[in-house]
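Q: Take a look at this one; I'll ask things after.
The values are calculated or read from the model by the stated rules, or taken from the named source; none is laboratory data. Here the structure is a predicted model, which means the values were calculated and not measured. Note that we place each Cβ from the backbone using ideal geometry, even for glycine, and neighbour counts take in every protein chain shown. Just the protein is used for accessible areas: all its heavy atoms, side chains included, with ligands, DNA and RNA removed. Shrake-Rupley method; radii C 1.70, N 1.55, O 1.52, S 1.80 Å.
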Number of protein chains: 2
Amino acid sequence: MSLVLDPAAQDLLFREARTANTFTDEPVTEEQIQAIYDLVKYGPTAFNQSPLRIVLVRSAEARERLVPLMAEGNQPKTAAAPLVAILAADNEFHDELPALLPHFPQAKDVFFTERPVREQAAALNATLQAGYFIVGVRAAGLAAGPMTGFDFAAVQKEFLDDDHTPLMIVNIGKPGEDAWFPRSPRLAFDEVITSV
Amino acid sequence: MSLVLDPAAQDLLFREARTANTFTDEPVTEEQIQAIYDLVKYGPTAFNQSPLRIVLVRSAEARERLVPLMAEGNQPKTAAAPLVAILAADNEFHDELPALLPHFPQAKDVFFTERPVREQAAALNATLQAGYFIVGVRAAGLAAGPMTGFDFAAVQKEFLDDDHTPLMIVNIGKPGEDAWFPRSPRLAFDEVITSV
């Protein structure tokens, strides 16, 4: 075996984990989200800029505002999931940068004075962190259902502000009945990876 | 503990794993890369579109072409890393979509006929996959050094084509001496996560 990670962990995070379309009623606790964050916060980002921000849609009132903004096919599962998280990129991440990068506090002023540069960096690095977050949800024994089928402008207006760009919305919970389609095929190694 | 993933795996993937700036001479084998891909290929993407493509810079000749395209601060480590991988988004991923999504082969024509739509989807989903890939490199007991400090247009011209947009370049290997700075701080839970 070329992997050091033990096979049970491989199964938990990748091989048996699946995108869930249905969930049980079991709630997702604040402790679980805290444990997930305390793990995945260590995932690397450029300049440790850590631009991912997460809004947990916990109240019934907030859920009612969110569901109609989802694409029709995503509405039933977003209505039913124990927890829904809005993942966003903070385009003003540079404000925290001197604290996040103590060995290079000038980075904020050297690289990130321009908003378009920040937006591009925030989108890339927060999306990387979204990948870590999905792995972290699985590390808590939960299923994630990431979705990009929603009205981005409306979700930004309703739940975020001009400085926070939505990236995706993730349903979280224990998988329910008929939670997924059969696993779809993946590309072969040599369709993805070439050497020069 | 709120996590199901065992603590050794948590350490391997997140808590003790670090972005390496120096590496030993030990080569990264094709078997290792294959094992990493065979694990992380299962990470979820929208419509299973799987747009990440990877160019492994294996030959001395290719390495010589790449190093000068890196930002000056990244040149020594990119010259020294046992393996360097260029991660890119395939903007023509829709060609593979009918094979990747057998239960909804029309997705290609319903959602992805326009190039700008594909570019946006490919950037987001390939970056998510880059997050899985970094986790996978760590699952192989290797350190990853992801970098965005390079000439994107020049790397695209030299190693890719108009249909493949570079996302980041990743040094891969066993960490060497003084491989990293002390761990930088992370944001507190309530600076990142709010509930509504």
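Q: So A:Ala88 ticks every box in (1) aliphatic (A, V, I, L, M); (2) more than 9 Å from chain B (Cβ to nearest Cβ); (3) loosely packed, with under 15 Cβ neighbours inside 10 Å but one. Which box is left unticked?
A: (3)
Q: Pick out, from the stretch A:135-196, the strands (runs of 3 or more DSSP E) lying fully within it that include 3 or more residues that are open to solvent by less than 50 Å² (accessible area, probe 1.4 Å) and more than 7 Å from chain B (Cβ to nearest Cβ).
A: Hits in the stretch A:135-196: A:143-147, A:164-173.
Q: Does B:Glu96 meet the test of being more than 17 Å from the chain's Cα centre (by Cα) and either of a type in the set (A, V, I, L, M) or under 24 Å from A:Arg18 (Cα atoms) (or both)?
A: So B:Glu96 fits the description; yes.
Q: Working only within the stretch B:113-134, note down all residues that are at pLDDT 95 or above and in a loop (DSSP other than H, G, I, E, B).
A: B:Glu114
Q: Could you grab the pairs with beta carbons closer than 8 Å, sequence gap of 6+ or different chains, first residue in the stretch A:1-30 and at the interface with chain B (Cβ under 7 Å from one of its Cβ atoms), second one open to solvent by 70 Å² or more (accessible area, probe 1.4 Å) and of a type in the set (Asp, Glu)?
A: A:Ser2/B:Glu31
Q: For the stretch A:138-174, which positions are under 14 Å from A:Leu69 (Cα atoms) and charged (D, E, K, R)?
A: A:Asp151, A:Lys157, A:Glu158
Q: Among the residues of the stretch A:63-80, count how many are part of a helix (DSSP H, G or I), aliphatic (A, V, I, L, M) and closer than 16 Å to A:Pro166 by Cα.
A: At the first step, the residues of the stretch A:63-80 found to be part of a helix (DSSP H, G or I) are A:63-69, A:72-80.
Of the ones still in play, those that are also aliphatic (A, V, I, L, M) are A:66-67, A:69, A:79-80.
Imposing the further condition that a residue be closer than 16 Å to A:Pro166 by Cα reduces the set to A:66-67, A:69.
Of the residues in the stretch A:63-80, 3 are part of a helix (DSSP H, G or I), aliphatic (A, V, I, L, M) and closer than 16 Å to A:Pro166 by Cα.
Q: From the list A:Phe23, A:Phe14, A:Phe104, pick out the single residue that is in contact with a strand residue (DSSP E or B) (Cβ under 8 Å, 6 or more places away or on another chain) and among the aromatic types (Phe, Trp, Tyr).
A: Working: A:Phe14 fails: in contact with a strand residue (DSSP E or B) (Cβ under 8 Å, 6 or more places away or on another chain); A:Phe104 fails: in contact with a strand residue (DSSP E or B) (Cβ under 8 Å, 6 or more places away or on another chain).
Criteria check complete, one pass: A:Phe23.
Q: Next up: Of the numbered conditions (1) part of a helix (DSSP H, G or I); (2) under 30 Å from B:Pro102 (Cα atoms); (3) open to solvent by 10 Å² or more (accessible area, probe 1.4 Å), B:Leu12 fails exactly one; give the number of that condition.
A: For B:Leu12, the exception is condition (2).
Q: Restricting to the stretch B:21-43, what's the tally of residues that are open to solvent by less than 10 Å² (accessible area, probe 1.4 Å), more than 14 Å from B:Ala85 (Cβ to Cβ) and part of a loop (DSSP other than H, G, I, E, B)?
A: 1
Q: Let me ask something else about it. I'm checking my understanding of the structure. Among residues of the stretch A:94-122 that are within 11 Å of chain B (Cβ to nearest Cβ) and of a type in the set (D, E, K, R), which one is surrounded by the most Cβ atoms within 10 Å (Cβ to Cβ)?
A: A:Glu96
Rundown of residues vs (1) modelled with pLDDT of 95 or more; (2) hydroxyl-bearing (Ser, Thr, Tyr); (3) within 21 Å of A:Ala9 (Cα to Cα), yes/no style:
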residue	(1), (2), (3)
A:Pro102	no, no, no
A:Thr148	yes, yes, no
A:Glu158	yes, no, no
A:Glu177	no, no, no
A:Arg183	no, no, yes
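Q: Ok, one more. Can you tell me how many residues in the stretch B:56-85 are crowded, with 21+ Cβ neighbours inside 10 Å, touching a Leu at 6+ places or on another chain (Cβ under 7 Å) and either within 11 Å of chain A (Cβ to nearest Cβ) or among the basic types (Lys, Arg) (or both)?
A: So the answer is 4.
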